[in-house]
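Trainee: For reference, the structure I am asking about is given below.
The values are calculated or read from the model by the stated rules, or taken from the named source; none is laboratory data. This one's a predicted model, so the numbers in the text were calculated from it and none came from an experiment. Positions of Cβ are generated from backbone atoms using ideal geometry, with glycine treated the same way; all protein chains shown enter the neighbour counts.
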Amino acid sequence: MPDFKLNGKRAIVTGGSRGIGKAIARALAQEGVDVVISARNQTQLDATAAELAQQTGRTVIGVVADTSDDKAVDSLIAETVRRLGGVDILVNNAAAPGGLSTATRIEQVDSALALKDIDIKVIGYLRTARAVAPHFIKQKWGRIINIGGLAIRKTGRPIATLRNVGVAAVTKNLADELGPHGINVTAVHPGATRTERTDAKAEQTAAANNSIGRIVDASEVAAVVAFLASPLSVAITGDAIAVGGGSPGSINY
């Protein structure tokens, strides 16, 4: 990978024990970043942390945290600062893949599931940003990358769309507020992405519905995130980058 000038930085990746989050943690560690990964399962966290540390030679620590809980989020940030000596990068990725709500029509919407989806992915991102912001402000530098999703640009899954629109709104508000303090905030919207849980049918469907003719790999999403986490990305803030391999027939601006 190119040198993103990240050596010695310290990061938190929520939802980092598997999938896109794990790939992001790996990419950051490969760039010389020490990483705390969080999720709700300590056994999975420990296995992933050991694997990534062995692969990259960096410090990778698993910390259990539920981002729908204020105290758990505050504890995650405090533990990161204690273990790594500080924090420079926050990647918000903790969310149920595809969302908890499977509703495709308004009469199918379950209010409790919808609220839980938004609490985890939108308010959860706000919680972690709120907890980490004082550290970034004090050091006059920081990066927050919010992982959304390309459901933001589609109809048919109202709650999936809603939670990703919320991510975009949070991103822009944080970017405008924190920008004068040397903090950039961006969003990344993956589409269908190959992870350890992707089967052949899903790969074929993705290939037939994007511009590059194949599914995007989690490592390719992670490479974009690593750049956005770097000092080189200073000109990009408040905006979103789609990483779904292109959407045929649509123009987004």
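Trainee: Residue check: is ALA160 farther than 22 Å from VAL63 by Cβ, buried (at least 20 other Cβ atoms within 10 Å of the Cβ), out of contact with any Pro (no Cβ under 6 Å at 6 or more places or on another chain) and at pLDDT below 95?
Mentor: When the stated conditions are applied, ALA160 passes them.
Trainee: Out of (1) within 17 Å of VAL13 (Cβ to Cβ); (2) surrounded by fewer than 21 Cβ atoms within 10 Å (Cβ to Cβ); (3) free of Cβ contacts under 8 Å to residues at least 60 places away in the same chain; (4) touching a helix residue (DSSP H, G or I) at 6+ places or on another chain (Cβ under 7 Å), the odd one out for ILE236 is which?
Mentor: The single condition ILE236 does not satisfy is (1).
Trainee: Here's a follow-up. Could you please let me know if SER211 is farther than 21 Å from ILE152 by Cα, at pLDDT 95 or above and among the hydroxyl-bearing types (Ser, Thr, Tyr)?
Mentor: no
Trainee: In this structure, does SER211 turn out to be surrounded by fewer than 16 Cβ atoms within 10 Å (Cβ to Cβ), more than 22 Å from VAL33 (Cα to Cα), in contact with a Pro (Cβ under 7 Å, 6 or more places away or on another chain) and not β-branched (Val, Ile, Thr)?
Mentor: yes
Trainee: Would you point out the residue of region 31-62, among those that are among the charged types (D, E, K, R) and in a helix (DSSP H, G or I), that is farthest from LEU84 (Cα to Cα)?
Mentor: GLU51
Trainee: Further, regarding this structure: May I ask you to verify whether ALA23 is touching an Asp or Glu at 6+ places or on another chain (Cβ under 9 Å), touching a residue at least 60 places away in the same chain (Cβ under 8 Å), under 21 Å from VAL216 (Cβ atoms) and not β-branched (Val, Ile, Thr)?
Mentor: Yes; evaluated as a whole, the condition is true for this residue.
Trainee: Taking region 94-112 on its own, how many of its residues are farther than 20 Å from LYS154 by Cα and buried (at least 16 other Cβ atoms within 10 Å of the Cβ)?
Mentor: 1
Trainee: Within region 177-202, work out how many residues are without any contact (Cβ under 8 Å) to a residue 24 or more places away in the chain and either part of a strand (DSSP E or B) or of a type in the set (A, V, I, L, M, F, W, C) (or both).
Mentor: Adding up the residues that qualify gives 2.
Trainee: Still on this structure: Take the residues of region 86-129 that are in a helix (DSSP H, G or I) and free of Cβ contacts under 8 Å to residues at least 24 places away in the same chain: which is nearest to the chain's Cα centre (by Cα)?
Mentor: Once the filter is applied, the top-ranked residue is LEU115.
Trainee: Still on this structure: Tell me which residues, restricted to region 1-30, are part of a loop (DSSP other than H, G, I, E, B), out of contact with any strand residue (DSSP E or B) (no Cβ under 9 Å at 6 or more places or on another chain) and crowded, with 22+ Cβ neighbours inside 10 Å.
Mentor: PHE4
Trainee: Ok, one more. In region 137-157, what residues are closer than 17 Å to LYS9 by Cβ, crowded, with 24+ Cβ neighbours inside 10 Å and of a type in the set (A, V, I, L, M, F, W, C)?
Mentor: ILE144, ILE145
Trainee: Out of THR48, THR102, report the one residue that is β-branched (Val, Ile, Thr) and at pLDDT 95 or above.
Mentor: None of the others qualify; the one that does is THR48.
Trainee: Let me ask another. State the number of residues belonging to region 32-74 that are over 15 Å from ARG10 (Cβ atoms), touching a Leu at 6+ places or on another chain (Cβ under 8 Å) and surrounded by fewer than 20 Cβ atoms within 10 Å (Cβ to Cβ).
Mentor: Within region 32-74, residues that are over 15 Å from ARG10 (Cβ atoms), touching a Leu at 6+ places or on another chain (Cβ under 8 Å) and surrounded by fewer than 20 Cβ atoms within 10 Å (Cβ to Cβ) number 1.
Trainee: I would also like to ask the following. Of these, THR171, THR205, which one is assigned to a helix (DSSP H, G or I), among the hydroxyl-bearing types (Ser, Thr, Tyr) and buried (at least 21 other Cβ atoms within 10 Å of the Cβ)?
Mentor: Answer to the check: THR171.
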